[in-house]
1. When A:ASP268 is evaluated against the numbered criteria (1) of a type in the set (Asp, Glu); (2) modelled with pLDDT under 90; (3) assigned by TED's automatic domain parsing to the domain that holds A:TYR126, which criterion, by number, is the only one it fails?
2. Answer yes if at least one residue in the stretch A:191-198 is closer than 22 Å to A:ILE101 by Cα and in contact with a strand residue (DSSP E or B) (Cβ under 8 Å, 6 or more places away or on another chain), and no otherwise.
3. Going through the stretch A:214-245 one residue at a time, which ones are in a helix (DSSP H, G or I), farther than 20 Å from A:CYS95 by Cβ and among the aliphatic types (A, V, I, L, M)?
4. I'd like to check something: does the stretch B:187-208 contain any residue that is among the aromatic types (Phe, Trp, Tyr), assigned to a helix (DSSP H, G or I) and either under 23 Å from B:MET68 (Cβ atoms) or at pLDDT 90 or above (or both)?
5. Mind checking whether some residue in the stretch B:227-241 is under 22 Å from B:VAL180 (Cα atoms) and in a loop (DSSP other than H, G, I, E, B)?
6. Which members of the stretch B:182-196 meet the condition of being at negative phi and surrounded by fewer than 24 Cβ atoms within 10 Å (Cβ to Cβ)?
7. If I ask for residues that are part of a loop (DSSP other than H, G, I, E, B) and facing another protein chain (nearest Cβ under 9 Å), which ones from the stretch B:110-122 would you list?
8. Go through the stretch B:136-149 and give me each residue that's surrounded by fewer than 22 Cβ atoms within 10 Å (Cβ to Cβ) and either away from chain A (no Cβ under 13 Å) or touching a residue at least 40 places away in the same chain (Cβ under 8 Å) (or both).
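The values are calculated or read from the model by the stated rules, or taken from the named source; none is laboratory data. Computed from a predicted structure; not experimentally measured. When we count neighbours, we look across all protein chains shown, and the Cβ atoms used for this are built from the backbone with ideal geometry, even at glycine.
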Amino acid sequence: MKIKNLLIAAIRSLKKNKMRTFLTMLGIIIGVASVIAMLAIGQGSKQSIQAQISTLGTNILIIYPQASSSGGVRMEAGSSQKMTLEDVNAITERCPSVEYITPQVRSSGQLVNGNMNWRTSVYGVYPDYFEIRNLKIMSGNLFTMTDDRSSTKVCIIGQTVITNLFGDYADPVGNYIRINKIPFKIIGTIEKKGQNAFGQDQDDVVIAPFSTVQKRMMAITHIQSMLVSARSEALIPAASQEITDVLKAKHNLGPSEEPDFTIRTQTDIAEAATATSGILTVLLATIASISLLVGGIGIMNIMLVSVTERTREIGIRMSVGARGRDVLLQFLIEALMISLLGGFIGISLGVIVSQLIANILSWPVNITVQSILMSFVFASAIGIFFGWYPARKAARLNPIDALRYE
Amino acid sequence: MHRKCKEVAGEEDKMSKAIISVIDLVKIYQMGEVEVHALRGISADIMNGDFLAIMGKSGSGKSTFMNMIGCLDVPTRGQYLLDEVDVSSLSKDQLANLRNNKIGFVFQSFNLLSRTTALENVELPLMYNRKISSKEMRDRSLNALDAVGLADRAHHFPNQLSGGEQQRVAIARSLVNDPVVILADEPTGNLDTRTSLEVMGIFQKLNQKGITIVIVTHDADVAAFTKRHITFRDGRIIRAIEVNKPRNAMEELAAMPVMVEEDDA
């Protein structure tokens, strides 16, 4: 039988039982729609987490010294004092994949402006820090490397600090504040950045030249960590390797020895943060797929009923020359039509439901082309898989018995 | 003159050709432990243009024989030549193709597809023939419906047709693939006298056009319209007779008193 005729025959017989066809299809529709919606929610939440991670900066690598130990007692991570500015310089000179680098020290400081005071972290960094972290100056200016060399007492403050020391919407550039009793001139303010993925307020900071904080405030000679940005996302692993090699050589460690520092990349952080949402997506999609599977069983059930009910028709078709293959194809195409049409409607419904979820619950959703294709392929596979057995049963009927069937 | 002679000779040649030829046909069904001998060695020829009635009581083997020559079943032993093709050794698919190209079936219970128009029912055999275009399919089906006088009912559904009309649709369906033989299994079994006459009239008309028809029946009245009778008993042919002057269904129908349907008046 020609494919065209097969399609016509399948459509005719599906039309004969509109209600039954629709109810069978409903199983697939609901299954596909829920798969689409669940994947959209999963993808959406993953994306929003990734977007938050990217507020950390672009292509970031963070290098911490390992924990120090004295007499077998290990201290907290980053407590080692082996990392120095020489390491920073070595990386700047010898790591081609590294674009920006800054040493970082962090101190806690009591800030005072007149009768207002506030306690927060004071970071000592190079101006490149702003490039690495994608921080933007809102008003005033950034300090320079000259300020760093001369340990100038200048600082740049975040919005939360401004609010607490100067009140809302104030522009404190040019004013002086005291940090741990040392007067600092405010030369700039940072644009609001909001919370990061871990709920920390990224605006509650004071940033000052590296040497100012290291020498004047903390009086130390080592650095606490380094922030590095790779030239591109693809170069993050290369940068990580280069830094490992350079630092190991610098610290007189053989290639097989454990490094005395840890490198964490943005990818690591993102992976850790999205792992939960990934698991949740898989879980939701699995539950939705089960409903799709149940829909498939519905197809099989109805097709089996249909074959029994239409035994006579099969006999008639065989008597006028239908081969087993023609009968098989006819029933298989009917099953496939139910599942494909159901898949199509299900995808539309899934998209609508996802949009409703986005609008009503304001959850982040993201419908991917892959999830649509996957649902479609899955739906047709179910049609073929669950349609096969009934179709084969029909094809194997003996025409004489089928004609005589009441 | 010379030419006409030749034509007549050709015609005669065609007439005398056996389109169905069975030799010592045996069919044994295995029902569990028991062997059922449905056919015990049938030999017969059916000529082109024949109008044959196969008679016999139920269980005589006439239906088995019919299934056999209709290529629905294969014999246990013996040879069956349909239009010079040996059917006995063909595969299921090849049998299906033969049924599609060379056989037309008419059943007692009409066996039309429900909720499918008369035209679509008639088109059914052509649907399984890959060589036929949609247009040709439609034209041939309309012609076949016209041949049974139902051209105006083409788009009616079976439940909108009377029994006689349904059987005529079935005959149109059996005609549409231009078969070498039409096999009719008790075609008037579900019809009243008048519509039976109509149906037999159509068969006679088709036979006059040269179509070979085989009717299976246990009704001597129906058989009386055919040219030849073969009677089965216990899987054997016990009698084969030529009918000298078959009854004419059309004439009898015309002679029948017209029923006055008072309800309509």
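1. The single condition A:ASP268 does not satisfy is (3).
2. yes
3. Those that are in a helix (DSSP H, G or I), farther than 20 Å from A:CYS95 by Cβ and among the aliphatic types (A, V, I, L, M): A:MET217, A:MET218.
4. There is at least one residue in the stretch B:187-208 that is among the aromatic types (Phe, Trp, Tyr), assigned to a helix (DSSP H, G or I) and either under 23 Å from B:MET68 (Cβ atoms) or at pLDDT 90 or above (or both).
5. So far as the stretch B:227-241 goes, yes, one or more of its residues are under 22 Å from B:VAL180 (Cα atoms) and in a loop (DSSP other than H, G, I, E, B).
6. Within the stretch B:182-196, B:ILE182, B:ASP185, B:GLY189, B:ASN190, B:LEU191, B:ASP192, B:THR193, B:ARG194, B:THR195, B:SER196 meet the criteria.
7. B:ASN111, B:LEU112, B:LEU113, B:SER114, B:ARG115, B:THR116 - these are the residues of the stretch B:110-122 that are part of a loop (DSSP other than H, G, I, E, B) and facing another protein chain (nearest Cβ under 9 Å).
8. Across the stretch B:136-149, the qualifying residues are B:ASP139, B:ARG140, B:LEU142, B:ASN143, B:ASP146, B:ALA147, B:GLY149.
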